[in-house]
Amino acid sequence: MKKIILQGLALALFLSLPAAALQAQPPSPGLVPLEELNLFPRDKLSVEVNLGGAILHLVAAAGKDDPDFSKLVGGLQAINVQVFPLKGEDGEAVKARIGRAVHWLEERGWKANVRVREKGQETYVYMKEEGGQIVGLTVLTFQPGDEAAVINIAGRIDPAQIGRLGQKFNVPQLEKVPVKGKKP
Amino acid sequence: MLTAFDDTAHAYRRRIYSFARYLLSNREEAEDVTQEVLLRLWRHQDGVEEERLGSWLLRVTRNACYDLLRRRRADATQPGMAASLGEEEAHELVSGEPGPQSLAETADFRRRLLAALGELGEPYKSIVILREVEGLSHREVGDALGIPEVTVRVQLHRARKKLRERLREAEP
Amino acid sequence: MNRLDDTLSCGDALDLLEPYVDGELAPAEAASLRSHVEGCPACARELALAERIQRELRSLPQLDCPPEIVERVRRQGAEVVPFRPRLTTRLPLRLAAAAALLALALGGGAFFVRHQQQEAKAAEVARATREARFALAYLGKVSRRTSLDVRDEVIVRRVALPVTRSISRSIGLSLGSSDPEKP
């Protein structure tokens, strides 16, 4: 009997924190369950990243020589990425699923910051705000003939940190966030 | 030392497995699905609200079962394989408390009932399993399958009517 | 066969059997069905079958799987997963120092040690670090591909200003600059 091949297992080091502490941690409103969006066939992904709060705290602790990176990551509850190569695939079907994902986000209060469609490529940047704080960032992108991807980052996303990291990691669309009294 | 994941997984594993088992009529595949669903629980445990956990797990279970059934159909060398109960499954599932009828007659009725259940389409099959076998309320079934409670009631009646019609046709 | 005072046809009666079995019929309808069934052996057999189906379904056992499945899942979840980026990563590799890991272990709660050596944990953290940096760098790659003019204008107008204003309000400062592009 054919067994289900379990692929793309999450990289997780599970901290044995007290049960009460674990249960007290509320789920992040900025987390998008990529499982439910069902954007891409998981066995064909070229990249899959699934990092939860536990491992991200370890990453933050281990990266003290890079304070900006460490501080950003320490405030996050999840980083999830899926990259799907489009060669030989039905691009229109993928675009349609991206469109449904966009609707999914908008139905749940995500706000579009960027919606770009040009020369067949599409990019959507959505953010979730709560109480003046950005708690989620989701990017959906489609590059015909190349790849499609979804990136979801959930947790405390500080615009000042994003701006600085934008320079470091070449994320220029975020680097011009003005913050009073601080240099980018 | 048990962790929060262990507690949750043990609390729900029976429901996940039982649901998958009745959907798939196959022990090994039901175990595979249970493992896959619990792995997803592991991965998403921070992102699912506790009060929605039960319905989320059932929904993921159903989707995983149907993914597997689709793959099974694509691979099947024998048509109709999906609907039939293996001998082992039949023996285990029919060996419950007998009614007033004789043991043999009860076992036979149950075997025919399970076969008819296996042939039901969705959402009828899931609704019957969750409501009648697993004992969920109409509302819980609706939450799990993403349909209104009133729809659950109507479709449950339709499902049992289909079972009745099939059993009547298959009467010896 | 219909009785003179039975307003239900057999077809109608059969449609009502399941709601009747569930106790969901209005009293008058239930009475009408009972009345029909009393005088119709065929429908009486169908009702008996409908009741038996529900009874048998409800007596089916809830099945259980070996509890070791949970253990297996936990082991699999904690396994190091091959990270297979298609891009050639230019991200600097930062291996987690064993001392930093140990310091975290002492200060931050008990580690759940099952099958991992300390070196394996450090490798996992290093891998997770690369993945996190990859994610952020991929965001950069996406942004470079997309038009900067549109993005900057939208980001600044739609996100940066409202968020910054709310932040500044909350800390009692005011934005002096009228130029959204100036930090």
**Item:** Shielding score for B:119-128, defined as the mean number of other chain Cβ atoms within 10 Å
**Value:** 0
**Message:** Using the Karplus curve 6.51 cos²θ - 1.76 cosθ + 1.60 with θ = phi - 60°, what ³J(HN,Hα) values do you get for each residue of segment C:49-66, in whole Hz, with x for Gly and Pro?
**Reply:** 5, 4, 5, 5, 4, 5, 4, 5, 4, 6, 9, 5, x, 7, 8, 10, 9, x
**Request:** Could you work out, residue by residue across A:30-43, how many beta carbons of other chains sit within 10 Å of that residue's beta carbon, and then give the average as an integer?
**Result:** 2
**Asked** Considering every residue in A:44-51, what mean count of other chain Cβ atoms within 10 Å of its Cβ is obtained?
**Response** 5
**Prompt:** Ranking B:GLU31, A:GLU107, B:GLU122 by Cβ neighbours within 10 Å, fewest first, what do you get?
**Reply:** A:GLU107, B:GLU122, B:GLU31
**Prompt:** Please state the relative contact order of segment A:100-140 as a whole percent: Cα pairs under 8 Å, 6+ residues apart?
**Reply:** 29 percent
**Prompt:** Which pairs, out of A:LYS71/C:LYS121; A:LYS111/C:LYS141; A:LYS64/A:LYS87, put more than 32 Å between their alpha-carbon atoms?
**Reply:** A:LYS64/A:LYS87
**Request:** Would you grab the residues whose amide H sits under 5 Å from the one on A:VAL47? Only those 5+ places off in sequence or on another chain, please, with H modelled 1.01 Å from N.
**Result:** A:VAL83
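No lab work stands behind these numbers, since they all come straight from the coordinates. These numbers come from a predicted model, not from an experiment. Every residue, glycine among them, receives a Cβ derived from its backbone with ideal geometry; neighbour counts consider all protein chains shown.
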